[in-house]
Amino acid sequence: MRILNNVAIFITLAVAYNLINGVCGQLHLGPNAFITLGAYTAALLTMTPAEKTLNFLVTPLYWPLSQAALPFPAALLAGGLVAVAFALLTGFPVFRVRGDYLAIVTLGFGEVVRVLANNLQGVTNGPLGLKGLYPYTNLWWSWGVAVAATAVVAALVNSSYGRALNAIREDETAARASGINTFRHLLGAYLLSAFFFGVGGGLLAHLITTISPSLFTFFLTFNLLIIIVVGGLGSTTGAILAAAGFTLAGEWLRIVEEPAAIFGFTIPGIPGMRMVILSLALLLVIIFCRRGLMGRREFSWAGLGRRLRGGVAGSVPGAGKP
Amino acid sequence: MALLCTENLDMRFGGLAALSDLNLAVPEGGLYGLIGPNGAGKTTVFNLISGFLQPTGGRIVWDGREITGEPPHRLTAWGIARTFQNIRLFGELSVLDNVLVGFHCRSHATWGEAVLRLPRYRREELDRRSRGLALLEEVGLAAAADQPAGKLPYGHQRRLEIARALATGPRCLLLDEPAAGLNPQETGDLIFFIRAIKDRYNLTILVIEHNLRLVMGLCQHLTVLDHGLTIAAGPPADIRKHPEVIRAYLGEERVAISS
Ligand SMILES: Nc1ncnc2c1ncn2[C@@H]1O[C@H](COP(=O)(O)OP(=O)(O)OP(=O)(O)O)[C@@H](O)[C@H]1O
Ligand SMILES: [Mg+2]
């Protein structure tokens, strides 16, 4: 169950990340900041006042957070909105720069938020984190959000606005000359992705039930980056497939870290072997299909129909954009 | 009164005066030309008018209103569209999508309406598509509508870029060396094409061109730049005889032809 929930949450995060990185072509390296904000916000809102007093032993939690107790959906929404607020605040400096500078600025967010989470003991309980969250996240919630995120992002990407975002990625100068206010368009995509990062963070918190600042390091962003690159930057379908594959593979590969006996040889478990194998898989994907599994293509029923009718007609990519 | 004016327009890059004291007045419906040798500052004029550069001096007036320093997207919304000297298309997008991006700035539907596919968005999108296809038909690219724009032959890319500019609904079109890299046959077609779209869309056109024969036959008025300075301005017949122009510009060609 837990792993299927994980798949759904990573689909949500990857689809949102692909919007800003793949579709808009902006190398945003701070999703972990938004996920942290969503996770903490949602967690603080669902915990009962009694649980909070149990958790906050060193520094008591500030009022009114100490008294707040919201139902899970409202807490998720609040997590998303706090992430959006952070995006609104940071959007102006972020989109004044491009390219490597944008990457570095956003990379800083994850660290800033983590340092804040470590030090604002009266809000986050510092390095101790929050324990004993009620495991609200179930398949309904995680998959409901994943489906909603995918539907919204796919609808946006296939709209006139999505076309404009693609245009910005292809050639920003030409996009501006074609009348696109690139700042507003990028900000819109950035806010939407922040919302789903926040909600995803809330889901993640209530799945693992214990959160601390060390959970949301750059490693999380790095995993998401691998997912969207392997899936094919810009392809929502690719992001979904790769998120599912990555999460499942990460789980199954736990086996290789355990001691095993093959043909009478006993192989001791090697911790970290999982990541080695995943990295090798990534390397192979990059070498053999430079543009990820899906390139920029998307799945479509029309494309599937065409492929089925056309047999193995190689000239028609089965998942051509409608 | 002129539709597009520049008044004492200046542009310096550090110590380099790329453009000095340019005074242009393009009347509504005019077909004006900007010529001059390499590095004369022609593209700089376009970058200033279309808002990609901020002038270091002078003003730009559009339809009686000062527009100096306005951002490119707003100028496009006000009716100034341009093409680029080294074609800039959205290479991975389809030919049709390139044109549809041009229509986007005229849409009223919000993000929410677009995501939810509300009636206003659907109506606008249908309208965009039919007008986009009609536009492609007109520029002779309808057959390539679904191809990636980056795969088109060079001449077609030029046309597509003009079509995308037309999709933004301009009153004035700035064409930066539209005939660069075209063979004589294609150049002839292009002249015909520019005249046709000008009449059909009631455009005012300012064109930069290297090819003197083209520009002499096409434009009603020429401004000649050299090292950022305006060395002559007037009807093509006068420009042809202008001693400074002959020295600065035609001279090279005369020499090239006679040798
Ligand atoms: N953004 C810029 N920064 C610095 N210098 C520039 C910039 N843009 C143009 N220049 C310089 O200004 C001068 C005029 O350039 P411009 O591109 O306007 O010439 P042009 O007349 O279009 O030439 P060409 O016929 O080669 O296209 C050149 O010396 C160029 O190097
Ligand atoms: Mg030029």
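The values are calculated or read from the model by the stated rules, or taken from the named source; none is laboratory data. What you see is a predicted model, and the numbers here were worked out from it, not measured in a lab. Here the Cβ is made from the backbone with ideal geometry for all residues, glycine too, and neighbour counts use every protein chain on show.
Note on region B:9-53: among residues that are away from ligand 1 (no atom under 11 Å from the Cβ) and more than 27 Å from B:Arg240 (Cβ to Cβ), the one that is farthest from the chain's Cα centre (by Cα) is B:Asp10. Looking at B:Asp226, B:Asp199, just one residue is away from chain A (no Cβ under 14 Å) and either farther than 20 Å from B:Glu138 by Cβ or within 16 Å of ligand 1 (Cβ to nearest atom) (or both), and that residue is B:Asp226.
Residue selection: A:Leu308 fails the criterion of being exposed (fewer than 11 other Cβ atoms within 10 Å of the Cβ) and at pLDDT 80 or above. Scoring B:Thr68 on the criteria (1) within 14 Å of chain A (Cβ to nearest Cβ); (2) away from ligand 1 (no atom under 16 Å from the Cβ); (3) among the β-branched types (Val, Ile, Thr) leaves a single failure, condition (1).
Kindly establish whether B:Val101 is of a type in the set (Val, Ile, Thr) and within 7 Å of chain A (Cβ to nearest Cβ). If you could, list the steps in order and put the result at the bottom.
Details: of a type in the set (Val, Ile, Thr): yes; within 7 Å of chain A (Cβ to nearest Cβ): yes.
Criteria met by B:Val101.
Exactly one residue among A:Gly110, A:Gly79 is within 19 Å of the chain's Cα centre (by Cα), under 29 Å from A:Gly22 (Cα atoms) and at pLDDT below 95, and that residue is A:Gly110. It is to be established whether one or more residues within region A:81-93 are within 14 Å of another protein chain (Cβ to nearest Cβ) and free of Cβ contacts under 8 Å to residues at least 24 places away in the same chain. No, there is no match, as no residue in region A:81-93 is within 14 Å of another protein chain (Cβ to nearest Cβ) and free of Cβ contacts under 8 Å to residues at least 24 places away in the same chain. If you go through region A:51-107 and keep only what is of a type in the set (Phe, Trp, Tyr), outside any helix (DSSP H, G or I) and surrounded by 15 or more Cβ atoms within 10 Å (Cβ to Cβ), you end up with A:Phe56, A:Phe95. When you scan region B:71-79, do you find a residue that is within 16 Å of ligand 1 (Cβ to nearest atom), within 12 Å of another protein chain (Cβ to nearest Cβ), in a helix (DSSP H, G or I) and touching a residue at least 24 places away in the same chain (Cβ under 8 Å), even just one? No, region B:71-79 has no match at all.
Residues satisfying the criterion are absent from region B:80-91 (criterion: among the basic types (Lys, Arg), farther than 22 Å from B:Asp226 by Cα and away from ligand 2 (no atom under 16 Å from the Cβ)). For the criterion of being touching a Gly at 6+ places or on another chain (Cβ under 8 Å), of a type in the set (Lys, Arg) and not in a loop (DSSP other than H, G, I, E, B), A:Arg169 passes. Considering only residues in region B:111-132 that are surrounded by 16 or more Cβ atoms within 10 Å (Cβ to Cβ) and of a type in the set (A, V, I, L, M), the one that is nearest to B:Ala167 (Cα to Cα) turns out to be B:Ala114.
Against the test of being within 16 Å of ligand 2 (Cβ to nearest atom) and either among the hydroxyl-bearing types (Ser, Thr, Tyr) or free of Cβ contacts under 8 Å to residues at least 40 places away in the same chain (or both), the options B:Phe52, B:Phe46 yield a single qualifying residue, B:Phe52. For region B:122-129, indicate whether the set of residues that are facing another protein chain (nearest Cβ under 8 Å) and closer than 29 Å to B:Ile35 by Cα is non-empty. Within region B:122-129 (the criterion being facing another protein chain (nearest Cβ under 8 Å) and closer than 29 Å to B:Ile35 by Cα), the answer is no, since none of the residues qualifies.
Condition test on B:Leu190, is it more than 16 Å from ligand 2 (Cβ to nearest atom) and modelled with pLDDT of 95 or more? In short, no.
Does B:Glu70 count as among the acidic types (Asp, Glu) and surrounded by fewer than 18 Cβ atoms within 10 Å (Cβ to Cβ)? Against the criterion (among the acidic types (Asp, Glu) and surrounded by fewer than 18 Cβ atoms within 10 Å (Cβ to Cβ)), B:Glu70 does not qualify.
Of all residues in region B:104-120, which are touching a Gly at 6+ places or on another chain (Cβ under 9 Å) and facing another protein chain (nearest Cβ under 9 Å)?
Answer for region B:104-120, where residues must be touching a Gly at 6+ places or on another chain (Cβ under 9 Å) and facing another protein chain (nearest Cβ under 9 Å): B:His104, B:Cys105, B:Arg106, B:Trp111, B:Ala114.
Against the criterion of being out of contact with any Cys (no Cβ under 6 Å at 6 or more places or on another chain), of a type in the set (Ser, Thr, Tyr), surrounded by fewer than 21 Cβ atoms within 10 Å (Cβ to Cβ) and modelled with pLDDT of 85 or more, B:Thr230 qualifies. Name the single residue that is nearest to ligand 2 (Cβ to nearest atom) among those in region B:1-35 being part of a loop (DSSP other than H, G, I, E, B) and within 28 Å of B:Asn202 (Cβ to Cβ). Residue satisfying both the conditions and the ranking: B:Gly30.
Against the criterion of being away from chain A (no Cβ under 14 Å), surrounded by fewer than 22 Cβ atoms within 10 Å (Cβ to Cβ) and within 12 Å of ligand 2 (Cβ to nearest atom), B:Asn38 qualifies. Residue pairs whose Cβ atoms lie under 7 Å apart, separated by 6 or more positions or on different chains, with the first residue in region B:165-182 and more than 14 Å from chain A (Cβ to nearest Cβ) and touching a residue at least 60 places away in the same chain (Cβ under 8 Å) and the second within 16 Å of ligand 2 (Cβ to nearest atom) and not in a loop (DSSP other than H, G, I, E, B), are B:Glu177/B:Ile208; B:Pro178/B:Arg158; B:Pro178/B:Val207. Of the listed requirements (1) modelled with pLDDT of 95 or more; (2) touching a Lys or Arg at 6+ places or on another chain (Cβ under 9 Å), B:Val61 misses just one: (2).
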